[in-house]
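Working notes, structure below.
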Amino acid sequence: KLESKVGGPLLVRGYRRVSLTPAGEILRERAQGLLREAEMAEEITRLAVHGKAGLLRIGFGIASLAAGLPDILTRFRQHFPAVQVSMADMSTPNQISALEQGDIDVGFVRLPVEHPDLETVPVLEERLVAAIPRGMPYRKGLASLRNEPFVVISRSVSSSFVDHVARTCRAAGFSPRIVQEVNELFTVLNLVRGGVGVSLVPRSANLMHVPNVRLLDTGLEEAKWQIGLAWRKVDPRKGDAPTGGALDPLVHNFIRLAYRPRGVAPVGNLKPSPR
């Protein structure tokens, strides 16, 4: 029947022996390849059902890089090598919007985040450090900068960050005199380098290696903040969701692994979808 479909012989039929024609050899090789592909498709699907394969889209900010995100990613790749990871560098407000729109699956955000549709859990810790031009005295810690002009990230970029800067300065006994707001941390550091002012920046700013700018610890508890992992809440009543109203198992696996650096036990409502 197959020979009639292809319009020619696939077998050479002898008295005691049957062999393949050249066309039959091509069919056999192709069929074997299709079987291997089917087996691979079945295996990758089985892994995906359990959150061990697929695409995970992660939002992050520079602060999370110095605070421990690379270690989390390394462990995740070791445990789930079949998962493809896509990283997007964005601010906390932009991550929140991306989570709302479904453009990322999880995000490393600055806590606290108050949002009715998001869950968060603290996984990393970061802190503010003083950024001053080389040669400026800093004998009294942050209080040494009480009379200096400040350059900060714009409130439109992150109001919570600006509030944190002000709160940390108040803990040192003064309110910062802000003379310039900019949109990028790299710009802040270069304005400090140029003598426009001083600043409080994330410790992760040392990754930028701006010359003639010193980054110094404040010694204040108020300078610390937590970086949390954020993801969309799941509603079991929403059966039309992609995961049937349950947490995607791939997201679930990443959240569970991200807890481990700080020894935080997974919370009870992290239930993966059976998908």
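Only the coordinates and a few stated rules stand behind these numbers; no lab work does. This is a predicted model, so every value here is computed, not measured. Here the Cβ positions follow ideal geometry from the backbone for every residue, glycine too, while neighbour counts run over all protein chains shown.
Computed from the C-beta positions of residue 86 and residue 170, the FRET efficiency with R₀ = 51 Å rounds to 0.80. At an R0 of 35 angstrom, the distance between the Cβ atoms of residue 71 and residue 139 translates into a FRET efficiency of 0.50.
Here the label points at residue 183 and residue 221, each 7 Å from Cα along the C-beta direction, are separated by 3.8 nm in the simple model. Put simply, when 8-17, 102-111 are sorted by average Cβ atoms within 10 angstrom per residue, most first, you get 102-111, 8-17. Taking the fewest neighbouring Cβ atoms within 10 Å as the starting point, the ordered list for 152, 83 is 83, 152. For residue 127, what charge total do you get from the other residues with a beta carbon under 11 Å from its beta carbon, if Lys and Arg give +1 and Asp and Glu give -1? Result for the local shell: -3. Length available on full extension from residue 154 to residue 23: 0.36 nm per residue minus the Cα-Cα distance, which gives 40.2 nm. Across 93, 116, 149, mean-square fluctuation computed from a Gaussian network of the chain (C-alpha pairs under 10 Å connected) peaks at 116. Note on the chain: lysine pairs with Cα distance below 23 Å, sequence gap of 8 or more or different chains, count 5. When semi-axes √(5λ) of the Cα gyration tensor in Å is calculated for this entry, the matching label among [x] 57, 22, 15; [y] 31, 21, 18; [z] 38, 33, 17 is [x].
For segment 128-224, DSSP calls about 60 percent of its internal beta bridges antiparallel.
For the chain, a Gaussian network of Cα nodes joined below 10 Å ranks 23, 223, 38 by mean-square fluctuation, and the top entry is 23. When DSSP beta bridges are restricted to pairs lying wholly in the chain, around 60% turn out antiparallel.
Between 69, 34, 200, the Gaussian network model of the chain with springs among Cα atoms under 10 angstrom shows the greatest mean-square fluctuation at 34.
Between residue 12 and residue 30, residue separation times 0.36 nm minus the direct Cα-Cα distance comes to 4.6 nm.
Using a simple spin-label model with pseudo-atoms 7 Å out from Cα toward Cβ, residue 5 and residue 100 lie 5.3 nm apart. Only helices enter this figure: runs of n ≥ 4 DSSP H residues, each worth -39500 (n - 2.57), summed and divided by the residues of the chain, yield -10500 deg cm²/dmol at 222 nm to the nearest 500.
Ranking of 90, 136 by neighbouring Cβ atoms within 10 Å, starting from the fewest: 136, 90.
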